[in-house]
Structures are given as C-alpha cells and as structure tokens.
Amino acid sequence: MQSQDPAMRLQDLQYFGEFGGVNPSIEDSATYTFLNADKMEEMFEKEMAGCYLYSRHWNPMNRYLSDALAAMEGTEAAQVTASGMAAISATLMQLCGNGDEIICGRMVYGGTYALLKNFLPRFGITTHFVDITNPDKIRAAITPRTKIIYCETVSNPLLEVANIPALAQLAHENGLQLVVDNTFAPMLVSPAQLGADVVIHSLTKYINGTSDTVAGVICGRKAFINNLSDVNFGATMLLGPVMDSMRSASVLKNLRSLHVRMKQHSHNAAYLAQSFVDMGVRTIYPGLATHPQHRLFGTLLNPGYGYGGMVVIDMGTKQAAYDLMEAMQEEKVGYLAVSLGFFRTLFSSPGSSTSSEIPEAERIQMGLTDGLVRISVGLDNDMEEIFRRIARCVEAVTI
Ligand code: PLP
C-alpha cells in the first residue's frame, strides 16, 4: 500500500543503476538508437515503456526525476520542465484554448500573473483574478467557458493558504480542473491527495534547494502527462521546455534530502516569526495562530514538516524595508536576493521585485504594500544568533 507520507513514497522508489550504481546513470544523448525501423515508427504513434526517441520528448534521467516527483506528490505520473514558468505555461496551454477562461487566485507569483494577464489573452485565453480564500467570489466567476481554477497552496508573497479540498470540490462540481502551484509547500502539503488534478512546482526553489538550477515539474494523471508529450498536440513536446539530463541528475540527488531540509526551514521560520512578533513587528506566518488560515492549514498539512520556511514582515515604508535588507546582508543574516528555498536566508521586497508585475492599485488592494520584506528562512544551525543580528538591524532602521 502507498504510504501517506510523501518522504516515504519518494524513498520507496528505489533505483538500481544499470551498472550497479546507487544513483541512476546519466544518459548524455539528444537522440536514441533503434534496432529496427518499425519500432521507430511505432514510437511516433505511442509511448513505449523503456524506449526513448529524442531527448526533448523524453530521456531516461528526466523520467527518473519525474517518477520521483510523482511519487512525492502521489500522482500517477509527472514530467519535468526547464523552469517553473514552463511547467505553468505548458499546463495552461495544454488545458485551455481560444475562448476558454481561467479563474486564478488574485495573489500569485508575479510571473504567473503576467502570463495570465498579459500573455495568454493573445491566444484568446482570459483570466478572472479572485480572492481565492472566498468561495462565493470563485463560484460567481465560473462561466460556461471556464476550464481551470488555478491557485498556489501558499501564495507568493502574502502566504494566504488555499482550501484545496473545497476548491477541488467546487472545480469538479462544475466540470473544471484544479491546478495547484505547490512551490512554497513541498512535502508539507500533497495537493493531489486533497483533490487537485494537476500539481506544479518550480524546482528552482525548495526542491532543488541549492539555487544553482532553474527547473519545474508538472504532476498529474498518466493520460494528462502523456498528452503533454504527444508529438502532434503536446505542449511540452511542441513548446520544447526540456530539462537537461545533467541538471535532472543533480536535482534528483538534492530531492533526497528535501524532507530533512523542510523540517529545518519550518523550525527556523517558526522561531523567527515568533521572535518578530515578540519584538512588535507585524508578521505574516501561517504557523502563527493569528494567521487567518492557520487552522485550515493545520488540516491540510502532512504531519511533521511544520508550517513552511517563508516569513513576511511589514517595515511600514519602502525605505525602511530597503534599509533593513541592506543592513541584514551586511550583518551576514543572508542575501538580498529574489527566489527562495536556498540553504541561506534570502530576502527581498516583493512589491518592487517578484510581484512588481501586479499593478500598484491592485497590490495595495490586496495588502501587498511597499514596506513588506519576504524572508525565505535558511537552514541556519543557530537561529537565536541570527535573530540577535536581525534585531540589531531592525532597531537601527526604526530609530
Ligand atoms: N511559482 C512560484 C510560486 C514562484 O515563486 C516562481 C518563481 O519565483 C515560479 C512559479 C516560477 O518558477 P521558475 O523561476 O522556476 O520559472
């Protein structure tokens, strides 16, 4: 029987390298040989287990990494892509065509927002942005043309938590698919186990964890993943965002320690969030009882991984946020950089960086103000010392 624990599901997928290695061998080829021409013809018509045609279609290392991520998410299949944005755009373009509509959480990663708001309308795909925590608003936005409800498990950057089981029910009652970006909560939440049809990750973040690679994955039912690589109609095959085998191999090795890292990220973030609260700094963290979806999040979480590694604080003004981030970098708290899930702490001001694609008026309406600092808490061993350094910076900036 399949384990309820994502780390166990991942671990149970054991590889025996062809030459006895504990890691699978990297197949360093763009194209693959056939012993007879008939088989090659057959490959263009249907998937054949264990056979490879051309690396953009599939290659063995991408298959290993995809299978591992499918095991982690508990889906039938998965396909890795060259970036998280490639996973998002390929999924949406596979599921939607001219005239179709998407309902999307109003607070999603800025790149996703720009794709939906500015780019997909060129292909006749339009999006209604709604408050994803408000089921009435979502229900009201459904039309006969709606195909997808799209959300992030924990939203970037305001850390709103989506009620995935309720969204799945709403989607399925109306013949829609629920697509969930789980980038902020790998291991913590398994959206497919809660009813999502497709689960996406930017592997660039926690899953790889070393900020040396840009990569993504689409996890879902076998039929959908096969459709993606269809030689005539598949979005990954035809748009071509293939991941390089060498990179797949390194992500697969990093994936093996994800469960341990997530626990430490969560542990450190919980400490930091409470310390900020104690200091009187307005703090957003889903692990705090004051977070509006704290209780809901508790019902979605896989046990043992905590509430995640992202903390947002409000410094009141853009200048104070900038001064704090520069001071924290000087004090060796971490780096003033976008992205997240790195082993060191990273901080950025989302209003002027990762969410700058969202127009200012809409940002203000959502509470995404200029004084916010988004902190991706690292794997530091001594968080008390790190907080002492941060506290010195906060005091210097607010004096
Ligand atoms: N989804 C989320 C929640 C993100 O934060 C990001 C990037 O920051 C992406 C998707 C896009 O991923 P990538 O940069 O790997 O294309």
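Table for the structure above
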quantity: Virtual spin-label span in nm between residue 398 and residue 326, 7 Å along Cα→Cβ; calculated: 2.0
quantity: Net charge dipole size for the chain [Lys, Arg +1 and Asp, Glu -1 on Cβ; Debye, nearest 20]; calculated: 320
quantity: Angstrom value of the Kirkwood radius, inverse mean 1/r, which spans all Cα pairs in the chain; calculated: 21.8
quantity: Å³ per residue enclosed by the Cα convex hull of the range 1-131; calculated: 175
quantity: Computed label-point distance, nm, for sites residue 173 and residue 317 using a 7 Å Cα→Cβ extension; calculated: 4.8
quantity: Label-point gap, in nm, between residue 230 and residue 356 - each point 7 angstrom along Cα→Cβ; calculated: 4.0
quantity: Loop-resident sites, the range 301-372, for trypsin sites (Lys or Arg not before Pro), counting at most 12 other Cβ within 10 Å (DSSP); calculated: 332
quantity: Value of [θ]222 nm, deg cm²/dmol, for the chain, DSSP H segments ≥ 4, -39500 (n - 2.57) each, nearest 500; calculated: -11000 deg cm²/dmol
quantity: Mean separation of Cα contacts under 8 Å (6+ apart) over length of the chain, as relative contact order %; calculated: 16
quantity: Cut-off 11 Å between beta-carbons: net charge of the residues surrounding residue 382, Lys and Arg +1, Asp and Glu -1; calculated: -1
quantity: Cα-centred dipole magnitude for the range 17-106, charges only on beta-carbon of K, R (+1) and D, E (-1), debye, nearest 20; calculated: 280
quantity: Loop-resident sites, the range 1-64, for chymotrypsin sites (Phe, Trp or Tyr not before Pro), counting at most 16 other Cβ within 10 Å (DSSP); calculated: 15, 16, 19, 34
quantity: Whole-Å distance, taken between Cα centres, linking the range 340-399 and the range 171-198; calculated: 27
quantity: 27 Å Cα-Cα threshold exceeded, pairs from 39/222; 137/263; 147/263; calculated: 137/263; 147/263
quantity: Chain lengthening between residue 137 and residue 212 when straightened (0.36 nm per residue, less Cα-Cα); calculated: 23.1 nm
quantity: Shape call, the range 1-66: gyration tensor on alpha carbons, a/c limit 1.5; calculated: prolate
quantity: Paramagnetic reach from residue 278 (point 7 Å along Cα→Cβ, amide N under 20 Å) across the range 349-378; calculated: 375, 377-378
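Bear in mind that the values in this text are calculations on the coordinates, not laboratory data. Note that this is a predicted model, so its numbers are computed, not measured. Quick reminder, even Gly has a Cβ in these numbers, built from the backbone with ideal geometry, and neighbours come from all protein chains shown.
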